[in-house]
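> My structure is below; once you've seen it, I'll send some questions.
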Amino acid sequence: MEHPVKSMLKLALPLVLVSLCTACGYLFGDEGVFRDKSNDYKKSREVPALRVPEGESSAALGEMYPIPPVTDNILLAGKFEVPQPAPLDTGSEDEQVKIQTLGEESWALVNSAPGQLWPQVRAFLSASQIPLARVDASAGVIETGWVTLEGEPMASRFQFRIDQGVQRGTSELHVLQMSQVGDVDKWPATSNSPSQESDMLRALAQYVANSTDSTPVSMVADQAISAEGKISVQEGPDEDIYIRLSLPYDRAWASVGRAIEESNFEITDRDRSTGKYYVRFLGTDSGEEAGWFDWLLGSDEDPMTNQVFVVSVESLDAKDVAIRIEQQEAPEGTETVTMERRDEQALLALLKSNID
């Protein structure tokens, strides 16, 4: 005779299995508490934008994950070729923070988006125990209260301004200093003490460079201050291609000069009055492995090596310039290789990646 306990277990086991299956369906089935949501995106639908009542501000509304516009959309004429993956901009990857100077103006170029730089500036001021007087993330501006620095006879206050950088995903940090003398209700056009401005800018730049590994993001600043950059490759009405750069002319001229030298060009002459650089392309550095520039040119060798060009910087309006490259006749003893449209775009792309 079978033991009564064993008989009860045999009867109970199917009931347990049924209960478990029912529980699994309740927890993990299509209608379960922990159902699989991986395909929910297929059921998504567009809904009208949230309407703000008349008279109310909509400044706080915006896309959480906006899709950036395509800025370089030049299509080359001729037979279509599957393009190689676009290379990373090499010019902006070298250093996390660089101090740049043009005339009497200095600023820090930071290799991170404005939304990442904003909390770093806030953290620096908090760590330095510098009081805040005004914070406007939508405008990218932080103003401090009055503070007396060591060794200074009078109090000062500072204004920090974060702008989008030239290249995508970069930022510019500007510092303005004001001394507690005269009209203290209006910020001056330039710092009252250039030395205090320089010291503050360098201290903040060093702090940012040292704290990049643990950087939070300010969503307000990230949405308000564009990180798309100020540079793009465009095509004119007569099908010429050029770089459009949103910088004042003086700074654009200096930035293009630096970019030319960093892009394996040799400047043989320059004419500031006509906005022209006369250059010779040196090709890829000897001893280096074939890189992304070879991909752009579509050859293992650089056909434009030792060819000479004119790089022109022309004002389009008060805030934009156009940068073009035009081939010249090669010097005596060097064969002139005709620059094709593909080569022109490749050389412009090389310049574009080094402009900051």
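> Quick check on packing: order 339-352, 144-157, 38-51, 105-118 by the mean number of other C-beta atoms within 10 Å, highest mean leading.
On the way: 339-352: 20.3, 144-157: 13.3, 38-51: 6.7, 105-118: 22.3.
Going from most to least packed, we get 105-118, 339-352, 144-157, 38-51.
> May I pose another question? Provide the net charge surrounding residue 99, with neighbours chosen by a C-beta distance below 13 Å and charges set as Lys +1, Arg +1, Asp -1, Glu -1. Let's see the in-between values first.
On the way: positive: 98, 202; negative: 95, 105, 172, 197, 199, 356.
Surrounding charge for residue 99 is -4.
> Still on this model: At a threshold of 8 angstrom on Cα-Cα distance, excluding pairs fewer than six apart, so keeping six or more, what relative contact order does the stretch 103-224 reach in percent?
Working: 204 pairs, mean separation 41.2, N = 122.
This gives 34 percent for the stretch 103-224.
> Quick one: Debye curve from the C-alpha atoms of the stretch 156-216, no solvent, what's log10 I(q)/I(0) at q = 0.17 Å⁻¹?
Summing over Cα pairs of the stretch 156-216 leads to -0.67.
> As a quick test, which of the pairs 42/230; 98/319; 276/319; 230/276; 42/352 have an alpha carbon distance above 27 angstrom in this structure? Walk me through the numbers before you get to the answer.
On the way: 42/230 36 Å; 98/319 23 Å; 276/319 19 Å; 230/276 21 Å; 42/352 39 Å.
Exceeds cut-off: 42/230; 42/352.
Here, each number is a calculation from the coordinates, and none is a lab measurement. Remember, it's a predicted structure, so these values are computed and weren't measured experimentally. Don't worry about glycine lacking a Cβ; one is built from the backbone with ideal geometry, like all the others, and counts go over all protein chains shown.
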